[in-house]
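*Asks:* First the structure, then my questions, so here it is.
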Amino acid sequence: MDFKAKISKHIKIDGLTEGEIYELLSITTNIKMGDFSLPCFVLAKTLRMSPNVIAQNITNEVIQTEWLNKVEAAGGYVNFYLNRQFVSGQVLKNVLSEGSSFAKSDEGKGKTIVMDYSSVNIAKQMHIGHLSTTAIGNSLNKIYKFLGYKTVGLNYLGDYGIQFGNIIAAHKTFGSEQELISGGIDYVQKMYAKSRIAVEDEDFEELGKFWFSQIEKKDAEAIRLFNIFKELTLTDVKPIFDLLNMTFDEWKGELYYCDKMQPVVEELKRKNLLIESRDRRIVDLEEDGLNVAVIVKEDGSTRYLTRDLAAAIDRYNTYSFDKCLYITAYEQNLHFAQLFKVLEKMNYDFAKNLVHVSYGRVSLPEGKLSSRGGAKALLKDIFNSAIERANEIIENKNPHLKNKDEVAKAVGVGAVIYGALANQKTKDSVFILEDALSFEGETAPYMQYTYARCASVIKKYNELNLNKKPLPNYNAVVSDEAFEIVKIINNFSSIIKEAANKYEPSIISKAVMSLAKNFNRFYHECKIIDAENLAVMEARVELVKTTQIILRLGLNLLGIQVVEEM
Ligand code: ARG
């Protein structure tokens, strides 16, 4: 129920349309000032009256209705107080009759959203830098699906570049087949690291170039080795995607586009966009404040940007998407701004539907978990230590718990994911495992614990085996915290839409966290199963049930699993 809309319809203000009143109405943050308030200051000029008088006039003219308890003029505002008992009853009944399809919408019906996220770079293990693209992408995918969109998840493999020639050169120079077989991905990483130092040497550099050109020529030996690197990398990252229940619709990478770049270069030329500058071929974006976009380098080789141009066109041809999202760190802001601008200059209408969802850095506190030689902490190590630590905590807190391993997995994974979803995505943040796993404070386990608490109340209620359900007395759910819960629940469908519109799962995180906090306050202050009578119990149990539904929905949309007991 949209009470803002109801109020806008319900009151009349000279010279203002319903829509304008709607825009002016705000949700109050201070419960003492009611649930909604209307500032009258902006009306003073046109109505030629003081805000106080306007507020008083509006108040005098409000007609009594069942969902409104009180309307009050105060300091140039009109404050609206909802009838808590009535509203709580309506909202709870509504959610319980619709269950988890409550808040569903069909705004995405017939629309396709392509999403490029959690892209794996071959010969590199996933590290903490990939946490956000993984968690945000996974969550946005679920959010859009929930809103009825068709989503297409793309894992755009980083599988092209001189580095692969260099790794083969290092393998041929410093390594052996035997070590490759026994060492797996660690060996490949070692060769990668060695190659970075070795390229300082001209002969090695030449060898690297040679092997890279062999890959491009699809030479059997080069491709054999490259495929082994790829296989080893994908096997290494698979457990992470399994942990998160993530699958992708497409695994095309940069390599796939390597022979599709020439047509793009031709097209740029045809469209008079390509200019020669210092032996490079570029698109001049100075006037757009975006520097120059290098398309072909001095040595004739193409760039990450060139491949992304080919990929964007291919994606549009394949999916005719309504939107295509690229979820990467803000380090790539310029890259995507250039990409979108060049496509716009090429007259691709779809360019306006490309979005770079960029995020800030999540890092670990100095020295923590960072693996050998200061390399970035590996994502799999972070997940594994979180699960291990969750196991210890559960062992301590609740040693007789059933499915301990499953719960530890949900808690450990949830804690890590939430590290990237708790705050506005553009902010940098530090992930502290011990804090993230705490059952108190703003953490994923706290929300999961609240969910389990709801489940336990409902279990007790069911065990009462009431043969006749009493009519709920909604006057038992009108306290500040109970009503706050009702309002969050009532508002949840717009929360989900806002998160989608802003590409910001943290909007859902914040609502779910607030729901959990208010629920725990309610839980501590009100008797539920042992309430004074059955009608009171019934209303409170309804509040618990709806809270559980929304917690499950919200956490699911974040990619955090719920557990019935923990
Ligand atoms: N592989 C890239 C990286 O690790 C991310 C790919 C993002 N997607 C794209 N279409 N450029 O930085």
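The values are calculated or read from the model by the stated rules, or taken from the named source; none is laboratory data. Note that this is a predicted model, so its numbers are computed, not measured. Cβ sites come from the backbone with ideal geometry, for glycine too, and all protein chains shown count toward neighbours.
*Asks:* Can we say residue 149 is in contact with a Ser or Thr (Cβ under 9 Å, 6 or more places away or on another chain), closer than 30 Å to residue 424 by Cβ, away from the ligand (no atom under 16 Å from the Cβ) and in contact (Cβ under 8 Å) with a residue 24 or more places away in the chain?
*Replies:* It is true that residue 149 is in contact with a Ser or Thr (Cβ under 9 Å, 6 or more places away or on another chain), closer than 30 Å to residue 424 by Cβ, away from the ligand (no atom under 16 Å from the Cβ) and in contact (Cβ under 8 Å) with a residue 24 or more places away in the chain.
*Asks:* Can you tell me which residue among 264, 188, 237 is within 16 Å of the ligand (Cβ to nearest atom) and touching a helix residue (DSSP H, G or I) at 6+ places or on another chain (Cβ under 7 Å)?
*Replies:* 264
*Asks:* If you go through the range 464-477 one residue at a time, how many are part of a loop (DSSP other than H, G, I, E, B) and surrounded by fewer than 18 Cβ atoms within 10 Å (Cβ to Cβ)?
*Replies:* The first filter runs over the range 464-477 and keeps only residues part of a loop (DSSP other than H, G, I, E, B), leaving 464-473.
Adding the requirement that they be surrounded by fewer than 18 Cβ atoms within 10 Å (Cβ to Cβ) leaves 464-471.
Total satisfying the criteria: 8.
*Asks:* Additional query: Within the range 346-359, count every residue that is buried (at least 17 other Cβ atoms within 10 Å of the Cβ) and within 21 Å of residue 108 (Cβ to Cβ).
*Replies:* 4
*Asks:* Ok, one more. Take the residues in the range 428-463 that are in a helix (DSSP H, G or I) and small (Gly, Ala, Ser); name whichever of them is nearest to residue 406 (Cα to Cα).
*Replies:* The extreme case among them is 452.
*Asks:* Continuing with the same structure: Quick test of your reading of the structure: residue 156 fulfils all but one of (1) surrounded by 16 or more Cβ atoms within 10 Å (Cβ to Cβ); (2) in a loop (DSSP other than H, G, I, E, B); (3) more than 16 Å from the ligand (Cβ to nearest atom). Name the failing condition by number.
*Replies:* It is condition (3) that residue 156 fails.
*Asks:* Report whether or not residue 552 is over 20 Å from residue 470 (Cβ atoms), at pLDDT 95 or above and in contact with a helix residue (DSSP H, G or I) (Cβ under 8 Å, 6 or more places away or on another chain). Don't jump to the end; show me each part of the working.
*Replies:* Numbers: over 20 Å from residue 470 (Cβ atoms): yes; at pLDDT 95 or above: yes; in contact with a helix residue (DSSP H, G or I) (Cβ under 8 Å, 6 or more places away or on another chain): yes.
The answer is yes for residue 552.
*Asks:* Which ones in the range 282-295 are more than 16 Å from the ligand (Cβ to nearest atom) and either in a loop (DSSP other than H, G, I, E, B) or surrounded by fewer than 20 Cβ atoms within 10 Å (Cβ to Cβ) (or both)?
*Replies:* Hits for the range 282-295 are 282, 284, 285, 286, 287, 288, 289, 290, 291, 292.
*Asks:* Quick check on the range 1-17: of everything there that is surrounded by 14 or more Cβ atoms within 10 Å (Cβ to Cβ) and of a type outside the set (A, V, I, L, M, F, W, C), which residue is nearest to residue 64 (Cα to Cα)?
*Replies:* Looking at the filtered set, the residue picked out is 10.
*Asks:* Next question, about the same structure. Show the residue pairs meeting these rules: Cβ distance below 6 Å; 6+ apart or different chains; first residue within the range 534-555 and free of Cβ contacts under 8 Å to residues at least 60 places away in the same chain and part of a helix (DSSP H, G or I); second residue polar (S, T, N, Q) and buried (at least 23 other Cβ atoms within 10 Å of the Cβ).
*Replies:* Partner pairs satisfying both residue conditions: none exist.
*Asks:* For the range 270-283, state whether one or more residues are in contact (Cβ under 8 Å) with a residue 24 or more places away in the chain and over 30 Å from residue 111 (Cβ atoms).
*Replies:* yes
*Asks:* Regarding residue 105, is this residue at pLDDT below 95, on the phi < 0 side of the Ramachandran plot and either of a type in the set (S, T, N, Q) or in contact with a Pro (Cβ under 9 Å, 6 or more places away or on another chain) (or both)?
*Replies:* For residue 105, the condition - at pLDDT below 95, on the phi < 0 side of the Ramachandran plot and either of a type in the set (S, T, N, Q) or in contact with a Pro (Cβ under 9 Å, 6 or more places away or on another chain) (or both) - is met.
*Asks:* Also: Being surrounded by fewer than 23 Cβ atoms within 10 Å (Cβ to Cβ), out of contact with any Pro (no Cβ under 8 Å at 6 or more places or on another chain), modelled with pLDDT of 95 or more and not in a helix (DSSP H, G or I): is that true of residue 498 here?
*Replies:* Values: surrounded by fewer than 23 Cβ atoms within 10 Å (Cβ to Cβ): yes; out of contact with any Pro (no Cβ under 8 Å at 6 or more places or on another chain): yes; modelled with pLDDT of 95 or more: yes; not in a helix (DSSP H, G or I): no.
Spelling it out, it is not the case that residue 498 is surrounded by fewer than 23 Cβ atoms within 10 Å (Cβ to Cβ), out of contact with any Pro (no Cβ under 8 Å at 6 or more places or on another chain), modelled with pLDDT of 95 or more and not in a helix (DSSP H, G or I).
*Asks:* Out of all the residues in the range 296-313, is one or more surrounded by 14 or more Cβ atoms within 10 Å (Cβ to Cβ), within 16 Å of the ligand (Cβ to nearest atom) and assigned to a strand (DSSP E or B)?
*Replies:* yes
*Asks:* Here are 88, 97: which of them is within 30 Å of residue 145 (Cα to Cα), under 37 Å from the mean Cα position of the chain (by Cα) and surrounded by fewer than 17 Cβ atoms within 10 Å (Cβ to Cβ)?
*Replies:* Criteria check complete, one pass: 97.
*Asks:* Counting only residues that are within 11 Å of the ligand (Cβ to nearest atom), part of a helix (DSSP H, G or I) and surrounded by fewer than 22 Cβ atoms within 10 Å (Cβ to Cβ), how many does the range 316-345 have?
*Replies:* At the first step, the residues of the range 316-345 found to be within 11 Å of the ligand (Cβ to nearest atom) are 324-329, 331-332, 335-336, 339.
Within this subset, residues satisfying the condition of being part of a helix (DSSP H, G or I) are 331-332, 335-336, 339.
If we keep only those that are surrounded by fewer than 22 Cβ atoms within 10 Å (Cβ to Cβ) too, we end up with 331-332, 335-336.
Residues in the range 316-345 being within 11 Å of the ligand (Cβ to nearest atom), part of a helix (DSSP H, G or I) and surrounded by fewer than 22 Cβ atoms within 10 Å (Cβ to Cβ): 4 in total.
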